[in-house]
Amino acid sequence: MNIRKLTTTLWAVSALTVLPMTDAAAAATPQPDRIEDRSAKPLRLWYDAPAPDSELGWANASMPMGNGYMGINLFGGIEKERIQITENSLYDGGGPGGFRRRGLNNFAEVYIDFDHKEVSHYQRELDLNEAVARVRYAQDGVEYSREYFTSYPDKVMAIRLRASKAGSLSFTLRPTIPFLGEAKRGTVQAKGDTITLSGVMTHYQIQFEGQFKVIPEGGRMQAGEGTLQVTDADSAVILIAVGTNYELDPKVFLTAEPAKKLEGFPSPHAKVTGYMAAASAKSYDELLAKHQADYEALFNRADLDFGAAVPSITTDKLVDAYPDGRYSLYLEELAFQFGRYMLICSSRPGTLPPNLQGIWNVYEKPPWASQYLHDTNVQMAYAPVFSANLPELFKSYADFFKAFQPQQEAYATQYIKKYNPSQLDPDGDNGWSGPFWANPYNVPGKSSIAGFGTGSWIAQMFWDYYDFTRDESLLAETVYPVMYEQANFVSRFVQEIDGALLAKPSSSPEQKIRDTIGTTFDQQMFYENHHNTLKAAEVLGRSDSRLELYAQQLPQLDPIQVGKSGQIKEFRQEEFYCDFKGNNGKASIDPHHRHTSMLLGSYPGQLINDTTPAWQDAVEKTLTLRTRKSHIGWARAERIAFWARVHDGDEAYLFYRDLLAGNFLHNLFNDHRGGPLFQADGNYGATAGVTELLLQSQDYVVSPLPALPKVWPNGSFSGLLARGNFEVSAQWTNAQATQIEVLSKSGGTLDLRYPNVARAVIQTAAGQSVNFVASGRDQIRIETRKGTRYVLTEIPEYQAVAAPADLNLVRNSVDQVELSWSASPDATSYQLYRAVGNAPDYVLVASELTGTDFVYRAADLKEIEQMTFKVTAVRADGRESRKGATAVCLMP
Ligand code: FUC
């Protein structure tokens with residue numbers, strides 16, 4: 001049985017059966033907050049009162065919807081329903097420059113006035129299973145219900161208003177244009193069954209239009225001044241379509257004169273009229289069915305279950321209870337799904353990508369102008385797009401990028417001329433340089449706030465677009481050219497300094513020290529893109545002229561520097577954690593800064609992974625030093641993922657908890673830093689972070705449950721995506737996987753890591769036996785067939801070996817180090833490793849140590865300035881602890 005359909009039916013059934021709404025009858029009626037009445041878990045936000053009709057109500061309590069063409073915030077008002085519409089191209093570029101521009105504008109405020117006041121049994125809900133919102137209540141023995149959805153295939157919002165008694169539905173539809181004035185002119189006119197709202201946003205000469213069509217059943221309809229009044233109807237459908245004359249075209253970015261950017265593009269009237277004509281030719285039920293099929297094809301791909309019971313309290317109460325220590329598992333599941341929901345609402349092919357506020361903006365001057373910020377925020381919006389199995393949603397960004405790329409190519413030539421003129425291609429073949437912020441009309445080029453690494457970070461998203469989908473034509477046509485030309489820019493931009501090829505100037509996003517050389521942010525991003533470009537060229541069999549140069553440059557890009565505190569340095573000049581004072585010796589690095597850009601090689605990058613354990617330990621050390629002090633939403637989300645990548649699910653979970661407790665509002669919008677100030681990145685990032693706890697594949701080894709927190713001992717997930725286009729599901733009990741399933745969507749080699757996996761029963765879903773090669777006890781390789789599902793069961797239990805702790809060392813002479821550590825309860829012996837300087841991996845230097853101290857001597861010690869020691873525990877069964885006790889040893 002399809003549970004989504006059942007949910008709808010129950011609403012419909014209860015809508016008919018609760019009448020008359022006496023208390024006794026109401027009690028006997030299936031209430032939608034009772035999970036026991038349903039066959040499966042509903043994912044929904046629900047409330048027993050409308051969202052307050054205020055700015056705060058918008059941010060905190062309204063229910064977001066969207067189809068890429070429009071974002072909706074729905075209040076569910078009784079006397080006055082308020083539907084706020086956002087269209088991501090309606091942008092006011094006026095006001096002072098940069099971030100201080102006025103920015104994205106509120107498209108429309110739509111009201112539906114009802115003659116309802118003293119109502120009972122009020123409920124509103126946003127159902128994530130179907131992407132449908134509902135409101136219902138009773139008045140004078142009549143039950144009123146409303147249903148809302150935004151359809152991507154039909155490009156409209158549809159609303160159905162119903163009453164349980166014929167002839168009792170009366171309302172006035174009243175769309176308005178907010179913030180009319182010099183910057184925005186427009187009118188609202190009603191004629192026949194349609195209201196047309198149209199006007200011009202003057203700065204960029206954006207023509208906008210919205211059409212609102214009312215289709216009543218029974219009763220009468222009358223047009224007023226920009227209104228449609230319906231009286232005594234049985235029910236009614238309202239359809240909404242919006243648009244502007246914006247088109248994604250390089251010309252928009254390359255044209256300097258604001259008023260000329262959209263010149264020549266047709267008025268939106270024909271387009272919006274076409275959407276409306278096509279949609280109104282269908283019945284409401286047809287529109288709904290098409291919407292559900294489209295949405296569910298994306299949403300139902302992935303699922304998550306920590307065994308939460310569905311709470312009987314409203315979502316606002318659930319959110320409020322969470323910081324009080326009532327850590328609802330349901331909220332933890334819901335927030336994961338909500339980020340996926342928001343991405344589906346805000347990032348559809350053919351529409352603009354999600355900006356800082358996704359596709360939801362009520363303001364005239366939104367925070368940071370609702371732009372696209374490329375030093376973390378855009379990347380975070382897309383952080384879950386591949387891993388949470390929604391790869392086609394990246395297309396909206398890929399198309400946006402393509403439109404502004406020519407402008408970035410023009411900048412690239414300017415920057416090479418300015419910063420490294422000897423490398424300039426006089427014909428302008430200098431690749432493209434990384435932007436910082438962008439909006440649908442402008443990309444202003446370099447900013448010393450961010451560093452040029454933003455470009456390679458963008459290219460990394462493109463690489464992942466291929467790497468998770470393994471679509472070779474996508475690689476050839478879309479992905480590779482972006483990567484190759486980014487590497488082109490980088491290969492000309494870097495300068496040889498102290499034997500390395502370094503960015504100059506270089507910044508680490510948002511740190512006060514700017515325009516220095518070779519920050520880890522820039523170097524890591526450059527390295528990853530050079531590396532991945534070479535890989536992509538290999539897949540495609542390309543031999544383009546600069547590939548050889550990229551290969552030569554790669555080792556000199558020197559991406560990782562380990563500091564004297566054992567940290568990954570953020571600045572090359574840093575020695576101990578955050579001690580670099582800038583070029584002038586006076587600046588300071590914020591040791592608890594929200595940005596942790598030096599760790600991007602660990603996440604979302606691939607450079608630091610399980611094959612580079614010394615770097616992994618340096619990441620962990622850095623995270624420990626960065627502490628939990630930052631209360632910025634997206635930064636908390638990002639740290640879930642960082643901790644997941646170093647396999648510490650419990651620490652990662654604390655950031656998830658902080659985020660849900662400290663940043664999530666009643667409608668689950670992420671509050672950036674109080675205010676509330678809504679930023680969508682923390683929502684998308686929460687989903688991405690949770691995904692990293694459940695599945696990783698950065699080193700091309702598919703790793704289910706790599707960092708499971710203790711608080712989720714039992715559960716399951718399904719339909720997450722790993723590199724190589726493997727769709728993975730798992731079930732676990734007492735923190736042990738009981739079943740792992742991998743669907744090979746492109747064929748190819750599957751490497752899979754899980755403790756004791758080599759002793760599992762491995763079959764296809766059809767029950768055929770599977771040939772595999774084991775590499776040790778914990779890793780297997782299967783040459784998969786495309787379309788085949790591989791099922792692993794009877795995986796022998798595994799208990800992790802506890803690591804030793806508190807490694808102390810005394811280097812009492814140049815060639816001798818005395819080490820001691822606290823015992824592991826599991827150890828029968830210990831192993832000692834060292835990693836010299838910036839080495840990614842350790843070398844084993846002593847084993848079968850039975851005590852908790854050791855004197856280490858080595859002939860080469862006197863030449864070593866800095867190294868990291870690590871002690872691990874070995875159990876009687878030969879198993880070694882994954883983590884160890886580490887300490888940095890410096891020259892005395
Ligand atoms: C970057 C971040 C801020 C904020 C802003 C919109 O500058 O450092 O925290 O998210 O973008």
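Only the Cβ atoms of Lys and Arg (+1) and of Asp and Glu (-1) were treated as charged; on that basis the dipole of the chain about its Cα centre amounts to roughly 640 debye. Each peptide in 171-183, 384-396 was scored by the mean count of other Cβ atoms within 10 Å over its residues; highest first, the order is 384-396, 171-183.
The equivalent ellipsoid of the chain has semi-axes of 50, 34, 24 Å, largest first, where each one is the square root of 5 times an eigenvalue of the Cα gyration tensor. Derived scalar couplings between HN and Hα for segment 66-77 equal x, 9, x, 6, 8, x, 10, 10, 10, 9, x, x Hz in order, rounded to whole Hz, by the Karplus curve 6.51 cos²θ - 1.76 cosθ + 1.60 (θ = phi - 60°), x for Gly and Pro. Working from label points 7 Å from Cα in the Cα-to-Cβ sense, the Asn812 to Glu364 distance is 7.5 nm.
Taking the charge dipole of the chain about its Cα centre, with +1 at Lys and Arg Cβ atoms and -1 at Asp and Glu Cβ atoms, the residue from Gln123, Leu180, Asn812 reaching farthest to the positive side is Leu180.
Dividing the mean sequence gap of close Cα pairs (under 8 Å, 6+ apart) by how many residues segment 254-360 holds gives a relative contact order of 19 percent. Peptides 261-268, 583-590 ranked from most to least packed give 261-268, 583-590, packing being the mean of other C-beta atoms within 10 angstrom over each peptide's residues.
Think of the chain as a dipole: +1 on every Lys or Arg Cβ, -1 on every Asp or Glu Cβ, centred on the Cα centre; then among Gln414, Gly167, Leu549, Gln414 lies furthest on the positive end. In percent, rounded to a whole number, the relative contact order of the chain is 9, using alpha-carbon pairs under 8 Å and six or more apart. Of interest is the spacing of the C-alpha centroids, which for segment 574-647 and segment 75-126 amounts to 39 Å. Net charge of the neighbourhood of Tyr246, taken over other residues with C-beta under 10 Å away and scored Lys/Arg +1, Asp/Glu -1, is -2. Seen through its C-alpha gyration tensor, with square-root eigenvalues sorted a ≥ b ≥ c, segment 333-699 comes out rounded because a/c lies under 1.5. Between segment 495-566 and segment 167-235, the C-alpha centres lie 55 angstrom from each other. Taking amide H positions as placed in the peptide plane 1.01 Å from N, state which residues far from Val702 in sequence (5 or more) or on other chains have amide H under 5 Å from it. Excluding prolines and chain starts, which carry no amide H, the hits are Asp751, Leu752, Arg753.
Applied to segment 707-715, the Karplus parametrisation 6.51 cos²θ - 1.76 cosθ + 1.60 on θ = phi - 60° returns per-residue 3J(HN,Hα) values of 7, 6, x, 4, 6, 10, x, 10, x Hz, with x for Gly and Pro. Scanning residues 5 or more positions from Val801 or on other chains, those with amide H under 5 Å from its amide H are Arg882, with H placed 1.01 Å from N in the peptide plane. If you take the charge dipole of segment 443-488 about its Cα centre, with +1 on Lys and Arg Cβ and -1 on Asp and Glu Cβ, which of Ile449, Thr469, Val482 is farthest toward its positive end? Of the options given, the answer is Ile449. Computed over segment 126-218, the Cα gyration tensor eigenvalues convert (square root of 5λ each) into semi-axes of 31, 17, 12 Å, ordered from largest to smallest.
For the peptides 282-292, 543-553, residues were scored by their other Cβ atoms within 10 Å and the scores averaged per peptide; the highest-first order is 282-292, 543-553. A full extension of the chain between Glu794 and Asp579 corresponds to an added length of 72.3 nm, given 0.36 nm per residue minus the alpha carbon distance.
Relative contact order of segment 715-793: 31 percent, from C-alpha pairs under 8 Å at least 6 residues apart in sequence.
Annotation for segment 404-468 versus segment 708-748: alpha-carbon center distance of 37 Å. With K and R counted +1 and D and E -1, the other residues having a Cβ less than 9 Å from that of Tyr148 yield a net charge of +2. Between amide H atoms placed 1.01 Å from N, distances below 5 Å from Val156 occur with Ser151, all of them 5 or more places distant or on a separate chain.
Each residue of segment 267-275 was assigned a 3J(HN,Hα) from its phi angle through the Karplus expression (A = 6.51, B = -1.76, C = 1.60, θ = phi - 60°), giving 4, x, 4, 5, 5, 5, 4, x, 4 Hz with x at Gly and Pro.
Quick one: net charge around Gly181, please, counting Lys, Arg +1 and Asp, Glu -1 for every other residue with C-beta under 13 Å from its C-beta.
+1
Each stretch of four or more DSSP H residues adds -39500 (n - 2.57); spread over every residue of the chain, this sum gives -8000 deg cm²/dmol at 222 nm.
Quick note: the coordinates plus some simple rules give every number you see, no bench work behind them. The shown structure was predicted, so the numbers you read here are calculated from the model rather than taken from an experiment. Quick reminder, even Gly has a Cβ in these numbers, built from the backbone with ideal geometry, and neighbours come from all protein chains shown.
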